[in-house]
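*Asks:* One structure, as structure tokens, below. Some questions next.
The values are calculated or read from the model by the stated rules, or taken from the named source; none is laboratory data. Keep in mind it's a predicted model, so treat the numbers as computed, not measured. Cβ: placed from backbone, ideal geometry, glycine included. Neighbour counts: every protein chain shown. The accessibility values were calculated without ligands, DNA or RNA, using every heavy atom of the protein model including side chains. Shrake-Rupley method; radii C 1.70, N 1.55, O 1.52, S 1.80 Å.
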Amino acid sequence: MNKQTAAMRKMIHVTKAHHCVIESGIKDMGLHRSMHIMLYHIAKCDTPPSQKDLAQILNISPAAVAATIERLDAEGYIEKTVLNTDRRTNLISVSEKGHAALEQVSGIIENTDEEIFAG
């Protein structure tokens, strides 16, 4: 195995370990990694996106977006607003609880990263 392949394998291993640590930190919040990622992207949008917009932004299927949105909504992390011009379209925004969760997750990630690079 050449050095590049060995380095890539190590990076993949570190990335997986990082994800596992973050997952364990957010599971008590009722969040899964995919939920956090979607919540993060909703918060970063200038205007509330539709589910179709999120599917395009995240490059995932509309069905995957719908399932994650349903879970985020059930946990109170998002709010849906029906588009006035098309009642079939929901615009998704982050709720107060969602913003608080994003801050908490950001702290978990920051602490994890600090631990990784300590010493």
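*Asks:* Which shape class, rounded, prolate or oblate, goes with the chain when its Cα gyration tensor gives a ≥ b ≥ c as root eigenvalues, a/c under 1.5 marks rounded, and past that a/b bigger than b/c marks prolate?
*Replies:* Verdict is prolate for the chain.
*Asks:* Please give the calculated 222 nm ellipticity per residue for the chain, where each DSSP H segment of at least 4 residues contributes -39500 (n - 2.57) and the sum is spread over every residue; nearest 500 deg cm²/dmol?
*Replies:* Dividing the helical sum by the residues of the chain leaves -22000 deg cm²/dmol.
*Asks:* If you average the sequence gap of Cα pairs under 8 Å that are 6 or more apart and divide by the length of the stretch 1-93, what percent do you get for the contact order?
*Replies:* 24 percent
*Asks:* What's the FRET efficiency of Ile109 with His13 using the Cβ-Cβ distance as r and R₀ = 25 Å, to the nearest 0.05?
*Replies:* After rounding to 0.05, the efficiency reads 0.85.
*Asks:* Accessible area of the chain with a 1.4 Å probe: how many percent of it is carbon plus sulfur?
*Replies:* Here it works out to 53 percent.
*Asks:* Name the helices (complete DSSP H segments) of the chain with a Cα length along the long axis of 15 Å or more and a Kyte-Doolittle mean of at least -0.5, or state none.
*Replies:* Both cut-offs are met by 3-26, 33-44, 62-74, 96-117.
*Asks:* Under a cut-off of 17 Å between alpha-carbon atoms, report the lysines in cross-link reach of Lys16, not counting same-chain residues fewer than 8 places apart.
*Replies:* Lys27
*Asks:* Counting only heavy atoms of the protein chains, get the accessible area per residue of the chain (1.4 Å probe) and round it to a whole Å² value.
*Replies:* Computed with neighbouring chains in place, this is 69 Å² per residue.
*Asks:* Grab the Cα-Cα distance for Phe117 and Asp46, subtract it from 0.36 nm times how many residues apart they are, and report the gain in nm with one decimal.
*Replies:* So the chain would gain 22.2 nm between Phe117 and Asp46.
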